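A short worksheet on the structure shown next.
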Amino acid sequence: MDAQVELLRQFVNICKSNPAILHEPRFKFYRDYLESLGAKLPPSPSETKSSEPTGHNEETQINEQQAESEDELELDMSGVIKGEEDELLPMGDHNKEVMILLNSVLHFTSAIELNPGLAVLHAKRANALLKLNKPNGAIRDCDKAISLNADSAQGYKFRGRAHRLLGNFVEAHRDLAMACKLDYDDEANVWLKEVESNAKKILEHNRNKQRRKEERELKTRQERIRQAQETRKRDEQEKKHADSTEGFGGFGMPNMPKGFEKIFQDSEVMSLLQDESVLKAYMDIINNPANIAKHMSNPKVMKLFSKIGSASGGFGMNTPEVYKTANGGTTTNMAPPNKAPEPDLD
């Protein structure tokens, strides 16, 4: 009733600003009512014009009417009807719709309290909450509906719509697609199309982001492996060098003097020892110094012993020393091994 009173008030204001509107044919019922009450109505625009003095205007009007008659169109007017003269109908009240939705939420809440195990009631209350722009509450109701019934198409549908209102396009696409899969619905399909573009963009962005992350992790892992391999290789080389130095430093000789290992820091000595034939000859001589005679023709072996002998000359080691002979040859200070006396056969 209040809405109808408001409409009447608006109509009266229009009549005050434009009284000529009362003379329109559709308001004849209202004019009759006002005249029955003794109201004095303003003259109609046609009566006002007829009361004005005529003269040149009449000739002008005749000419205009003739021109209009010449321009009239002959149309087929079959099926055309005269507009009805009906009263204005109320256009509805948005506030009233909100109250209806709020009452719906209250009624669904009462129904849920009486039947807490029905998923459809939670879905219907979620729909009412969506119309009230309460997406978070709708999501909670839909979660409950789906927990009660995993095949609740309405639960997925309204939860998808709520996610769409919140801008969660990927979640909205997933729920709406599931709703259409469980029970196809035109409205759900329209909502699905709305979020499809944004959902694809987000998924593609997330895939690219994940791929870049995996590539960075792979590069980091490969770099760690490379560094570990280099460290292990360096440690092995150092250990090998230390073992070789220790082996060469002893040479099976007892009482090696302190500092003797520095001889093998000489690059030339180490270069000679890397020759396999020189190393074998050296070990052969160390095991039996008299065997140096077998290797005196090898200049590398003689050079090695010359450098070692000059470096360890003051150490008193049992290392054969090599000397040059008058004819340009070489000899050693090591005496030949003792031989058993041969029998006199004469």
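Look at residue 117 and say whether it is out of contact with any strand residue (DSSP E or B) (no Cβ under 6 Å at 6 or more places or on another chain) and at pLDDT 90 or above. So residue 117 fails the test.
Residue pairs whose Cβ atoms lie under 7 Å apart, sitting 6 or more positions apart in sequence or on different chains, and linking a residue in segment 1-25 that is farther than 21 Å from residue 35 by Cα to a partner that is at pLDDT below 80, are 3/90; 3/93; 4/90; 7/88; 7/90. Candidates are the residues of segment 146-187 that are surrounded by 24 or more Cβ atoms within 10 Å (Cβ to Cβ) and among the aliphatic types (A, V, I, L, M); the one that is nearest to the chain's Cα centre (by Cα) is 172.
The criterion of at least 3 residues that are modelled with pLDDT of 65 or more is met by the following helices (runs of 4 or more DSSP H) wholly inside segment 10-92: 28-36, 56-71.
The values are calculated or read from the model by the stated rules, or taken from the named source; none is laboratory data. Not measured: the values here are computed from a predicted model. Backbone-built Cβ (ideal geometry, glycine too); neighbour counts: all protein chains shown.
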